[in-house]
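*Asks:* There's a structure below that I have some questions on.
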Amino acid sequence: SPERLISAARTRFVSAGGSLLEDHSLEGITVFPDAAVLALREGGEVKEVTAELVLDCMGNGSPIVAQMRRGERPDGVCIVVGTCASGYEPEKNKGSDIIYANTPIQPLGERSVQFFWEAFPAGSGPGDRTTYLFTYMDGATPLQPDVESIFEDYWKLLPGYQGVTLEDLEVKRCLYGMFPTYKRSPLAPAFDRVLQVGDASGIQSPLSFGGFGGLTRHMPRLIPAITDAVKGGFLGKEDLAAVNPYQPNLSVVWMFQRAMATKATGTPDDKMIVNMLSSNFEAMASLGNDTLVPFLQDVVQFPALARTLVSAWQMDPLMPLKVVPHVGVPVMVDFAKHLAGLAAFAAVAPAAERVAESLGGSELLPQKARWRLQRLADGIRYGAGNDYHE
């Protein structure tokens, strides 16, 4: 459970000499050439803590990120509502849905939405199940439905989705969230000695967001990168930008985010999004688990993506003509650019890794140059999705 995981991480951190300052609020950070000084408030007392590097793990909720983005509107929004409830039939409560749609695009307030479902058995009992209803929207318009309205639709649609009546269910907890995502990601550091590492949407996926699971994928590169940066003193914002570089396989997913999102102006065909998803998933399923499973785990690779696009086009040759008006020409141009970048990363990734391995431990290059070279190799490997098989 999350509670046990957090407890284990805390025990390990403290046993290694770490200190936890609970019930403290961060008042501000002052960056000096040789340190970052954090002003922490506990009750009426303010004290200072000095650090070589500040890791900001709050993602889009961070006040530091808010300062860096300067009121920038998100490019996309995902609203999620759901419950964990008991009362489901145990013999039917064994399967899961990752993404399931059983309704077309429908009006909600001043705009339209395409709903998707996710569901899986809960670990608290054989009749307990977690169900989520979520929708993607563009972030350019203020005409966004509120979470309460989507929750009302959740209660109306849940019985038809799960084959239950609300009276049979005992709700244990309700869950909801609104997740913004930005094309300008990963966010480049704006300050020396401050690094953002908590934005799962920005380094993993603007579709699934990934959360903690998304961040664990990047730990094998983040941990040595940060450790060596502190040891070597590579803590300027230009150096720290190398820790979270451009990833074309993250950027190409933006076209899918746009394709699954509804716009305030509506979509001409109310089944277009569902039909597009059906074609793509049928194509991936026909190509086997080597294509399907990495995509479901948010690791996009050029060979698999190229095969999927060709197969989906063969199933529905008119689909591109339906998608372009929905997502817009600029989005398709960006997609083509990042798809080319993904192909280039896939082509050079093996050579980049060999160069990094041969020169990474060599004294021929200065320590900082070796560190930057390893960050470049990591960026290419992860940007091509080649870390999936590790």
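The values are calculated or read from the model by the stated rules, or taken from the named source; none is laboratory data. Treat the numbers as computed from the prediction; the structure is a model and nothing was measured. Quick reminder, even Gly has a Cβ in these numbers, built from the backbone with ideal geometry, and neighbours come from all protein chains shown. Heads up: the accessible areas ignore ligands, DNA and RNA and are worked out on the full protein's heavy atoms, side chains in. Shrake-Rupley method; radii C 1.70, N 1.55, O 1.52, S 1.80 Å.
*Asks:* Quick one: in the stretch 355-381, of everything that is closer than 28 Å to GLN301 by Cα and of a type in the set (A, V, I, L, M, F, W, C), which residue is surrounded by the most Cβ atoms within 10 Å (Cβ to Cβ)?
*Replies:* Per the criteria, the residue is ILE380.
*Asks:* Inside the stretch 194-244, counting only helices (runs of 4 or more DSSP H) that do not spill past its ends, which hold 1 or more residues that are open to solvent by 20 Å² or more (accessible area, probe 1.4 Å) and within 29 Å of ILE79 (Cα to Cα)?
*Replies:* 211-232
*Asks:* Pairs, please: C-beta under 8 Å, at least 6 apart or cross-chain, first residue surrounded by fewer than 10 Cβ atoms within 10 Å (Cβ to Cβ) and in the stretch 1-24, second hydrophobic (A, V, I, L, M, F, W, C)?
*Replies:* Within 8 Å, the pairs are LEU20/PHE13; LEU20/VAL14.
*Asks:* Turning to a different aspect of this structure: Can you run down the residue pairs with Cβ atoms below 8 Å, 6 or more apart or on separate chains, where the first is in the stretch 348-375 and farther than 18 Å from HIS218 by Cα and among the β-branched types (Val, Ile, Thr) and the partner is part of a helix (DSSP H, G or I) and at pLDDT 90 or above?
*Replies:* Listed pairs, sorted by first residue: VAL348/ILE380; VAL355/LEU373; VAL355/ALA377.
*Asks:* Could you give me the residue pairs with C-beta distances under 6 Å whose first residue belongs to the stretch 219-230 and is over 18 Å from PRO186 (Cα atoms), whose second residue is charged (D, E, K, R) and outside any helix (DSSP H, G or I) wherever it lies, and which are 6+ apart or on separate chains?
*Replies:* Short answer, once both residue conditions are applied: VAL230/GLU52.
*Asks:* Are there strands (runs of 3 or more DSSP E) fully within the stretch 54-119 with at least 1 residues that are more than 28 Å from ASP168 (Cα to Cα), open to solvent by less than 30 Å² (accessible area, probe 1.4 Å) and in contact with a helix residue (DSSP H, G or I) (Cβ under 7 Å, 6 or more places away or on another chain)? List them.
*Replies:* Details: elements: 54-56, 76-86, 97-100, 106-108, 111-113.
So the answer is 54-56, 76-86.
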